[in-house]
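See below for the structure under consideration.
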Amino acid sequence: MDAHTATPGVAAALRPPRWLLPALAVAIGYYVAARLGMAFTLHPHPISTLWPPNALLLAALLLTAGRDWWWLLLAALPGHIAAELQSGVPTVMVLGWYASNCSEALIGASLLRVFVRGVPRLDSLRDTGILLLTAALAAPVFSTFIDAALVRLIGWGTSTYWDLVSTRLFSNALAALMVVPLILAWAAWLAAGPAKMRGARYAEAAALFSGLLAVCLLAFAMPHSDAHTAPAVFYAPLPFLLWAAVRFGPLGVVSALPAMAVATIWGTVHGLGPFTTETPQDTAREMQLFLITASVPLLLLAVALAERSRIERESRSQLTHLSRVAMLGELSGGIAHELNQPLTAILANAQAAQHFLANKPGERAILSEILQDIILADKRAGDVIDRLRAMFKRGETRTEALDPNRLVRDVMSLAHGDMTTRGIEVVPRLAASLPEIRGDRIQLQQVILNLIVNAADAMSMCAPNDRVLTVHTLATKGRVHINVIDRGPGFTVASEILFEAFYTTKPQGLGLGLSISKSIVSAHGGRLRAVTRKGGGAAFLITLPALARRP
Amino acid sequence: MPYVAIVDDEEPVRKALKRLLRASGLEAESYASGKHFLEASALRRPDCLVLDLHMPGMSGLQLMHEMRAAGAMVPTVVITAYDEPATRDQCLAAGAAAYLRKPLDERLLLNAISATMKRTPKENHQ
């Protein structure tokens, strides 16, 4: 016991504090971002076109709990000093810029936290809208005033206050627009556990990004002698950005936009492309405005699409859950039966034990046997409740390797009471050895249960001896089949109609069960079909892809 | 000693009821289905039958109908884990002497058994 309590204490003492890794990442990231920002400067008079360190710090704050912010801000200091001191700026100005850079991150992150709980989601228009207004607009605006005031106060350079404000504002806003969503989207992707992508998808992403870069370099980084630029040139990257939005969602767009920005800035900084004008200030502003106006609608488009598919996904899962709960409601009588059986055994056993204690107290063997039976019956009742609870729960889809026979057996025991009270004999014909399948246990059980209950309903008018329901499992090449076969009257309509939503033959039915079952099976890469059998009755056939057998 | 037969498809229930009735001083035997019971009762007729209603194959109601048709009705206490409004009347109409819901209270069960057996044999045997 002592060893147990001591170990976590020691481990906790040795474990690094939770802010250490983020702080290290911020220190290094900030330095790299600052060097990048310096590389994106127009000469001879240095005009920054994109200043990413503030935005990086802002994104890092958004991903961290408020109590750890000070560590991250502190971690940016060495990165800031290392980057800035190389450029020969006086120390007071270096520290002044550190303060104004931190102020942008702090203003943006604090404002955002007021309106959005937790990390803003890029599949929510509200979150993204607030992100743009706070991180990409309010934070650069407010911190730019502080920044310009500090520069004038310290007396660095010769620019006027408003010149400073206008050059820094766009550079900071563009950086926030490019960097903050980029970091948030990739952090969310990593946190969700990167989904396995097929090779074709990687190829598509590679084609998209190389196409986008090629077009941007051609349009914005080629020698440009003509004073006039055809407007079409500015739209050249649009097809690729739309491709990213539609096919790869917010993650695609927030990755594509910085790629376009970097190519464009690189060209402009090297005196190439259509943005070069007489003064570097105008050049920077025209390019920044172009990038900002191109980015905002595309980002919002991708977010709107992602939000719609998220809402669709959520309502589908809600409907699936509701139909499952409705089905369990129909089974409630059978479930009461299923719970009453072990309760009967427990009560009769306990009362028998009382007799033994009163009349033959010496007989320990029989008492221990009775207690053993009570335990078994109690566990059986507990199993019924566990299975029910799992079916009632509403949760995210969880895929795992599943034994098809076990799925069938679990559903059969859940439906056992209902089948018994309806006088239906369930005959399992389960293949001795089946490959596993991959899927969500509860959803697949819901499908099998739905088919079993339907089959039972179909046999309600059959003679007692004919109420036989067969559940058959078998494997063919690369596939697992679960067939539910009844001896009812079969169906008279075309089998596709059975799976249409709101088609029902039951007086109390909603007509959703089979339509939901079919979409669950399809989502598992399988098929659900219905056939009328020659000898009478219907068979519902589930086909699912089999997992490769383990050696 | 009165002899009670139990018919229930659930093995744990069967076992526990047999144990309880024996501990209460009755002679008890149990059967997993109506078919098994009919075979055994041809050899030795019980004084009372404790009969589960919902069973695969032959249900409790069917068993009572068969006993009646054969003129061999045994005084019967129907027990069920699934109680529907109409079931009780159906069972009494089919000749059951008592109708009890599971889980069974010992006193109610024993009272029902002894009340059933006190009814004149003629009344039950027709």
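Let's see if you can work this out: charge +1 on each Lys and Arg Cβ, -1 on each Asp and Glu Cβ, no other charges. What is the dipole magnitude of the range A:287-384 about its Cα centre, in debye to the nearest 20?
In total the dipole reaches around 260 debye.
Along the charge dipole of chain B, which of B:ALA70, B:LEU110, B:ALA16 sits closest to the positive end, that is, farthest toward it, with unit charges on the beta carbon of Lys, Arg, Asp and Glu (+1, +1, -1, -1)?
Final value for the positive-end residue is B:LEU110.
Per residue, what volume in Å³ does the convex hull of the Cα atoms of the range A:331-394 enclose?
Given the Cα convex hull of the range A:331-394, per-residue volume reads 61 Å³.
Using the Kirkwood formula on the Cα atoms of the range A:449-515, what hydrodynamic radius do you get, in angstrom to one decimal?
Answer for the range A:449-515: a Kirkwood hydrodynamic radius of 13.3 Å.
If r is the Cβ-Cβ distance from A:ARG438 to A:LEU322 and R0 is 25 Å, what FRET efficiency results, to the nearest 0.05?
0.50
Please sort by residue number the trypsin sites (Lys or Arg not before Pro) in the range B:1-57 whose DSSP state is loop and whose Cβ has at most 15 other Cβ atoms within 10 Å. Mind showing how you got there, number by number?
Details: sites: B:ARG14, B:LYS15, B:LYS18, B:ARG19, B:ARG22, B:LYS35, B:ARG44; in loops: B:ARG44.
Sites meeting the loop and neighbour criteria: B:ARG44.
Using only the alpha-carbon atoms, what does the range A:365-428 span along each of its principal axes? Please give whole angstrom values in decreasing order.
Cα extents, longest axis first: 48, 30, 21 Å.
On average, how much area does the Cα convex hull of the range A:119-181 cover when viewed from any direction, in nm²?
4.5 nm²
Could you tell me which of rounded, prolate or oblate describes the range B:1-110, using a ≥ b ≥ c as the square roots of the eigenvalues of the alpha-carbon gyration tensor, with rounded for a/c under 1.5 and, failing that, prolate when a/b is larger than b/c and oblate otherwise?
Values: a/c = 1.43, a/b = 1.08, b/c = 1.32.
Taking the square roots of the gyration eigenvalues as a ≥ b ≥ c, the range B:1-110 is rounded.
Report, to the nearest whole %, how much of the accessible area of the protein assembly as shown belongs to carbon and sulfur atoms, 1.4 Å probe, protein only.
C and S atoms contribute 62 percent here.
Starting from the amide H of A:VAL480, placed 1.01 Å from N in the peptide plane, find each other amide H under 5 Å away whose residue is 5 or more places distant or on another chain.
Long-range HN contacts for A:VAL480: A:LEU544, A:ALA546.
As a check on your grasp of the helix formula, calculate [θ] at 222 nm for chain A: sum -39500 (n - 2.57) over DSSP H runs of n ≥ 4, divide by the residue count, round to the nearest 500. Working shown, then result.
Details: 18 runs with 359 residues, N = 551.
Taking each H run of at least 4 residues, the total per residue is -22500 deg cm²/dmol.
From the phi of every residue in the range A:396-402, what ³J(HN,Hα) in whole Hz does the Karplus formula 6.51 cos²θ - 1.76 cosθ + 1.60 yield, where θ is phi - 60° and glycine or proline is x?
5, 5, 10, 9, 8, 6, 10
Against the empirical 2.2 N^0.38 Å scaling, what ratio does the C-alpha Rg of chain A come to?
Working: Rg = 33.4 Å, N = 551, 2.2 N^0.38 = 24.2 Å.
That works out to 1.38 for chain A.
Please give the calculated 222 nm ellipticity per residue for chain B, where each DSSP H segment of at least 4 residues contributes -39500 (n - 2.57) and the sum is spread over every residue; nearest 500 deg cm²/dmol?
Values: 6 runs with 60 residues, N = 126.
After summing the helix terms and dividing by the residues of chain B, the value is -14000 deg cm²/dmol.
For the range A:1-192, what percent of Cα pairs sit more than 32 Å apart?
Counting pairs separated by more than 32 Å, the tail of P(r) holds 20 percent.
Would you check the accessible area of A:THR134, probe 1.4 Å, heavy atoms only, in square angstrom rounded to 10?
10 Å²
Nearest-5 percent of antiparallel DSSP beta bridges in the range A:361-493?
Once the DSSP bridges in the range A:361-493 are tallied, antiparallel ones form about 65 percent.
Once the convex hull of the C-alpha atoms of the range A:234-391 is built, how many Å³ does it hold per residue, rounded to a whole number?
Given the Cα convex hull of the range A:234-391, per-residue volume reads 175 Å³.
Membrane-span-like helices in chain A: DSSP H runs reaching 27 Å or more (Cα, own axis), mean Kyte hydropathy at least 0.5?
A:20-39, A:91-115, A:161-191, A:199-220, A:238-269
Rounded to the nearest 5, what % of DSSP beta bridges with both residues in the protein assembly as shown are antiparallel?
If I count the DSSP bridges inside the protein assembly as shown, around 55 percent turn out antiparallel.
When all C-alpha to C-alpha distances in the range A:400-551 are sorted into bins of 5 Å, what percent of pairs does each bin hold, rounded to whole numbers?
P(r) over the range A:400-551, rounded to whole percents: 2, 9, 19, 23, 21, 15, 7, 2, 1, 0, 0.
Looking at chain A, which longest stretch skips every one of the GluC sites (Glu not before Pro) that is in a DSSP loop with at most 15 other Cβ atoms within 10 Å, leaving the sites themselves out?
Formally, the longest exposed-site-free interval is A:1-277.
To the nearest 20 debye, what is the magnitude of the charge dipole of the protein assembly as shown about its Cα centre, counting +1 on the Cβ of each Lys and Arg and -1 on the Cβ of each Asp and Glu?
I would put it at about 1200 debye.
Between B:LEU100 and residues 5 or more places away or on another chain, which pairs have amide H atoms under 5 Å apart, with H built 1.01 Å from N, and which residues are they?
B:VAL78, B:ILE79, B:THR80
Decide, for the range A:40-88, between rounded, prolate and oblate: order the square roots of the alpha carbon gyration tensor eigenvalues as a ≥ b ≥ c, take rounded if a/c falls under 1.5, and otherwise choose prolate if a/b is larger than b/c, else oblate.
Oblate is the answer for the range A:40-88, as a/c is 1.5 or above yet b/c matches or exceeds a/b.
Over the range A:196-311, give the accessible area per residue in Å² for a 1.4 Å probe, as an integer.
Per-residue accessible area for the range A:196-311 comes out at 49 Å².
Note the buried accessible area between A and B here, summed over both chains, with a 1.4 Å probe, in Å² to the nearest 100.
Result for this pair: about 2100 Å² buried.
Counting only heavy atoms of the protein chains, get the accessible area per residue of the range A:420-550 (1.4 Å probe) and round it to a whole Å² value. Spell out each step's value before the answer.
On the way: 6420 Å² over 131 residues.
That works out to 49 Å² for each residue.
Which loop chymotrypsin sites (Phe, Trp or Tyr not before Pro) in the range A:471-551, with loop taken from DSSP, have no more than 11 other Cβ atoms within 10 angstrom of their Cβ?
Filter output for the range A:471-551: A:PHE502.
Quote the charge dipole size of the range B:19-126 about the Cα centre in Debye, to the nearest 20; the model charges only the Cβ of Lys and Arg (+1) and of Asp and Glu (-1).
220 debye
Within the range A:105-140, list the trypsin sites (Lys or Arg not before Pro) lying in a DSSP loop whose Cβ has at most 10 other Cβ atoms in a 10 Å radius. Please list the in-between numbers first.
Details: sites: A:ARG113, A:ARG117, A:ARG121, A:ARG126; in loops: A:ARG117, A:ARG121.
Passing sites in the range A:105-140 are A:ARG117.
How large is the convex hull of the Cα atoms of the range A:183-271 per residue, expressed in Å³ as a whole number?
Taking the convex hull of the Cα positions in the range A:183-271, it is 95 Å³ per residue.
Residues with beta-carbon under 14 Å from that of A:LYS393, excluding A:LYS393: net charge, scoring Lys, Arg +1 and Asp, Glu -1?
+3
Among the listed pairs A:LYS360/B:LYS102; A:LYS379/B:LYS18; A:LYS379/A:LYS518; A:LYS518/B:LYS35; A:LYS518/B:LYS15; A:LYS393/B:LYS18, which have their C-alpha atoms separated by more than 32 angstrom in this model?
Long pairs (Cα-Cα over 32 Å): A:LYS379/A:LYS518; A:LYS518/B:LYS35; A:LYS518/B:LYS15; A:LYS393/B:LYS18.
Under the definition of partner shielding as Cβ atoms of other protein chains within 10 Å of a residue Cβ, what is the mean value for peptide B:93-104?
2
At a threshold of 8 angstrom on Cα-Cα distance, excluding pairs fewer than six apart, so keeping six or more, what relative contact order does the range A:440-515 reach in percent?
25 percent.
Run the numbers on the range B:3-125 and let me know its relative contact order in percent, using alpha-carbon pairs under 8 Å that are six or more apart.
22 percent
Enumerate the amide H contacts of B:SER30 below 5 Å, restricted to partners 5 or more residues apart or on another chain; note that Pro and chain-start residues carry no placed amide H.
Amide H neighbours of B:SER30: B:ILE6.
Given springs between every Cα pair under 10 Å in a Gaussian network model of chain B, which of B:VAL77, B:VAL13, B:VAL50 has the largest fluctuation?
B:VAL13
Relative contact order for chain A: what percent, with Cα pairs under 8 Å and sequence separation of 6 or more?
Relative contact order for chain A comes out at 10 percent.
Within 10 Å of each Cβ in peptide A:419-426, how many partner chain Cβ atoms are there on average? Round it to a whole number, please.
5
The values are calculated or read from the model by the stated rules, or taken from the named source; none is laboratory data. All values derive from a computational prediction rather than experimental measurement. As a convention, Cβ positions derive from the backbone with ideal geometry for all residues, glycine included, and neighbour counts pool all protein chains shown. Note: accessible area is taken over every heavy atom of the protein model, side chains too, but ligands, DNA and RNA are not part of it. Shrake-Rupley method; radii C 1.70, N 1.55, O 1.52, S 1.80 Å.
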